[in-house]
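Participant: I'd like to ask some things about the structure below.
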Amino acid sequence: MSEKSEKNHGTNLQDYLAWRGDLTFTQDPFNEVDNLLLCLISYIDFSRIPLLRSRREEDALSLEVICTQLTREDEQRGLSQLDYIPVMRQAAATERFSSVKMFGFESIRDESEEMQFDAVSFLLPDHSIFVTFMGTDRSLVGWKEDFNMSFLSSVPAQRRAEVYALEMAETCPNRHLRIGGHSKGGNLAVWAAVHLPEEVQSRLLAAYNNDGPGFSVDLLELEGHRRIADRIHTIIPESSIVGVLLEHAEDYEIIDSSYHAVMQHEPMSWVVVGNHFVRQENRSSIGKMSDSALHDWIAAMSPEERKTFTDAIFDVISRGGTRHTLEEIHFGGLTGGAALLRAFVSADEEKRRFIKEKLKQLAAEVGEEMKKSAEDGLTAAKKGLLSILPDWIK
């Protein structure tokens, strides 16, 4: 992450481990920072450790044992430029996390189903299981599935998350349950929690959505949501863009980040004090602007138009399905505006027309929100000035 993206030097997850890693879960119960740390670890690629795929508690491996088997090629698979293995190693060396164990690793990429799904579970010393879902990786199928959320009632990863969470809960029938994830993983966590059977929901302690997309308001009407609404914790940085791409039916906590704008999606930038994140009263101006512009743009399209736009965009980006990852796009020559323009020009006329039309609408929405923000700023400045001027000048 470049230094230019930082706005201050807030304390983060590594500081939390350094300062509070000596406290056991008995001394200081599981908290929201622990949740984010384990969700961050879920981004690491554990595919080269076959035993982690086991669903048996007795096969679970400690963080320390797992760390001895990790190499550079196992680094996190998300979009972050930071390394997460060092954070896991630091956690494994603390009193707090030394007895935490992992199992149930699962990783699926299915282009025919347009599905990207990754999960792993943790056995905690407080006799609970924490089920985590990874966010979007660098595969195009993962990105397309995110876009599909805007027009489908459910996507394959959500349905798989529901099954996985139930399977893991049944594997550990005598343990309390927590579910969490970052980015798309946060969306999967809440989806899974809401759709669990009532008898399993009775064991649920919390479901954490860490800056993940929301849901349609229809989710509120589900009996499963009503039963656990007070146990859903949605956390969004003040200038988040990713976490507000869809409506949040539930309330959410606004927190501080040491980065700017979209870079606040990086979990290592979230500011920690003690055993919690630093709260903010309101979303930042850029956060509010992105909320309105994106919501208005998406709302202006019918579900059919959203599907057409998504299919057209990904057909261009993937060059008709011949590129499958962000790395392939980069090394295949699609780097920068000129190459993207060539791919766009080579698309058929109908795709080009539709993409241009919808992007123009987005530009108009952004422009309108910028104008509103500027007008609000001028109005506030005028009021402030008038409040300090003598009455004879007014």
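Participant: For region 275-296, state whether one or more residues are out of contact with any Phe, Trp or Tyr (no Cβ under 9 Å at 6 or more places or on another chain), assigned to a strand (DSSP E or B), surrounded by fewer than 19 Cβ atoms within 10 Å (Cβ to Cβ) and at pLDDT 90 or above.
Facilitator: yes
Participant: All but one of (1) surrounded by fewer than 21 Cβ atoms within 10 Å (Cβ to Cβ); (2) hydrophobic (A, V, I, L, M, F, W, C); (3) part of a loop (DSSP other than H, G, I, E, B) hold for L166; which doesn't?
Facilitator: (3) is the only condition that L166 fails.
Participant: Search region 245-269 for residues being assigned to a loop (DSSP other than H, G, I, E, B) and at pLDDT 90 or above, and hand back the single one that is nearest to D137 (Cα to Cα).
Facilitator: E266
Participant: Search region 104-113 for residues being acidic (D, E) and either part of a strand (DSSP E or B) or closer than 18 Å to D59 by Cβ (or both), and hand back the single one that is modelled with the highest pLDDT. If you could, list the steps in order and put the result at the bottom.
Facilitator: To start, the set of residues in region 104-113 that are acidic (D, E) comprises 106, 110-111, 113.
Remaining after also requiring either part of a strand (DSSP E or B) or closer than 18 Å to D59 by Cβ (or both): 106, 110.
Details: E106: 98, D110: 88.
So the residue we want is E106.
Participant: Mind checking which pairs have a first residue in region 123-150 that is assigned by TED's automatic domain parsing to the domain that holds D28 and a second that is assigned to a strand (DSSP E or B) and among the polar types (S, T, N, Q), Cβ under 6 Å, 6 or more apart or different chains?
Facilitator: Close Cβ pairs satisfying both conditions: I129/S121; V131/S121; R138/T325; S139/Q116; S139/T325; V141/Q116; G142/Q116; E145/Q116.
Participant: Do we have any residue at all in region 39-49 that's out of contact with any Pro (no Cβ under 6 Å at 6 or more places or on another chain), surrounded by fewer than 20 Cβ atoms within 10 Å (Cβ to Cβ), basic (K, R) and part of a loop (DSSP other than H, G, I, E, B)?
Facilitator: The answer is yes, given that some residue of region 39-49 is out of contact with any Pro (no Cβ under 6 Å at 6 or more places or on another chain), surrounded by fewer than 20 Cβ atoms within 10 Å (Cβ to Cβ), basic (K, R) and part of a loop (DSSP other than H, G, I, E, B).
Participant: With the requirement that a residue be modelled with pLDDT of 90 or more, in a loop (DSSP other than H, G, I, E, B) and closer than 30 Å to S302 by Cα, what does region 114-134 give you?
Facilitator: Of everything in region 114-134, just one residue is modelled with pLDDT of 90 or more, in a loop (DSSP other than H, G, I, E, B) and closer than 30 Å to S302 by Cα, namely M134.
Participant: Considering each of L36, L63, L70 in turn, give the residue that is within 21 Å of R178 (Cα to Cα), without any contact (Cβ under 8 Å) to a residue 40 or more places away in the chain and touching a helix residue (DSSP H, G or I) at 6+ places or on another chain (Cβ under 9 Å).
Facilitator: L63
Participant: Could you list, in sequence order, all residues of region 203-225 that are crowded, with 19+ Cβ neighbours inside 10 Å and in contact with a strand residue (DSSP E or B) (Cβ under 9 Å, 6 or more places away or on another chain)?
Facilitator: L204, A206, A207, Y208, N209, N210, D211, G212, G214, H225
The values are calculated or read from the model by the stated rules, or taken from the named source; none is laboratory data. If you're wondering where the values come from, they're calculated on a predicted model, not measured in any experiment. Cβ coordinates were reconstructed from backbone atoms using ideal geometry, including for glycine residues, and neighbour counts include every protein chain displayed.
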